[in-house]
Amino acid sequence: MKKNWFLFAVLFLMQFTCFADGYWLELEGSGRKGDTLTIRIRYGGVDEQKNRYINNGSALDKMKGYQLLVIDPGGKKQQVPLQQVHDYWVGYYVTAVNGSYQVFAINDQLPVVEREDSLQNIKPVQYLCSVYNIGKATKIKRPVSHLYIEVNVKNDTALIAPLIDGKQVAANTPVRIFYPNNEDQKYNTTKQGTAVLPLRSKGTYLVRLDQLNRKTGSFKGKKYYSVRHRCDYTLTIE
């Protein structure tokens, strides 16, 4: 029964994530300590012609539930206030030391995604993560979250380690990669729970991990029949 449900979950996600809108982080900074890191949360997607679009205006109102956190190289956590502008939500963080800064956001207040068949309604929980380096990269501290993705880059390859409750996922767990040219591809993890991503070109890669749990409930007056946990990692290659 569990195996059948897992198969249904995979097919369900494949059916509805082809051109669905999603969220991602954008980090902008000088790469020098003492300067301000600008953190944007975007909302958009890729159409059938593989053109990326970015939503704006009132479409961003539902993103107000995002909580943004930065963990500095020493492990100190700081919540970053967010404000809404025309086509993104934005927060600012002043770096103090060299090393790796972990940027993490979560939103469990997004509205229920309604499907034509109401029995397919889902409640989304979204996690966003990335790392900002000043000088030499240092070991990062994992946040306490249900889903998370670690990415380590060496030369022209990225080693992807998807995590559920702080533990590496099982073999053959699907991970979806969105390339800088807006193409996408599915990778399955190895028996070590990792996936290897060849970095074909410079630009921004999005790494996605999904988990669908069969759980019924009601949120803001809308009935749902499953909860989709989704983590998107932003990897920028310059």
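The values are calculated or read from the model by the stated rules, or taken from the named source; none is laboratory data. Since we're looking at a predicted model, the values are computed, not measured. Every residue, glycine as well, gets a Cβ built from its backbone with ideal geometry; the counts of neighbours run over all protein chains shown.
Table for the structure above
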quantity: Tally, over the range 107-120, of residues that are touching a strand residue (DSSP E or B) at 6+ places or on another chain (Cβ under 8 Å) and at pLDDT 95 or above; calculated: 5
quantity: From the options Y205, Y148, residue that is within 18 Å of V125 (Cβ to Cβ), modelled with pLDDT of 95 or more, buried (at least 16 other Cβ atoms within 10 Å of the Cβ) and among the hydroxyl-bearing types (S, T, Y); calculated: Y148
quantity: Matching residues in the range 87-109 - criterion: being out of contact with any Phe, Trp or Tyr (no Cβ under 9 Å at 6 or more places or on another chain) and closer than 27 Å to F219 by Cα; calculated: V90, D108
quantity: Unique residue being touching a strand residue (DSSP E or B) at 6+ places or on another chain (Cβ under 8 Å), surrounded by fewer than 18 Cβ atoms within 10 Å (Cβ to Cβ) and modelled with pLDDT of 95 or more when the list is V85, V94; calculated: V94
quantity: The range 124-139: number of residues that are out of contact with any Gly (no Cβ under 7 Å at 6 or more places or on another chain) and either assigned to a strand (DSSP E or B) or among the β-branched types (V, I, T) (or both); calculated: 9
quantity: Residues that are surrounded by 14 or more Cβ atoms within 10 Å (Cβ to Cβ) and in contact (Cβ under 8 Å) with a residue 24 or more places away in the chain, drawn from the range 208-225; calculated: R208, L209, D210, Q211, L212, F219, K222, K223, Y224, Y225
quantity: One residue from A158, A195 being in contact (Cβ under 8 Å) with a residue 40 or more places away in the chain and of a type in the set (G, A, S); calculated: A158
quantity: Conditions (1) free of Cβ contacts under 8 Å to residues at least 24 places away in the same chain; (2) of a type in the set (A, V, I, L, M); (3) under 18 Å from L27 (Cβ atoms): number failed by V131; calculated: (1)
quantity: Some residue of the range 135-143 being at pLDDT 95 or above and of a type outside the set (D, E); calculated: no
quantity: P73 in contact with a helix residue (DSSP H, G or I) (Cβ under 7 Å, 6 or more places away or on another chain), in a loop (DSSP other than H, G, I, E, B), in contact (Cβ under 8 Å) with a residue 12 or more places away in the chain and not polar (S, T, N, Q); calculated: no
quantity: The range 125-139 - residue that is surrounded by 20 or more Cβ atoms within 10 Å (Cβ to Cβ) and out of contact with any Asp or Glu (no Cβ under 6 Å at 6 or more places or on another chain) and, of those, farthest from T216 (Cα to Cα); calculated: I134
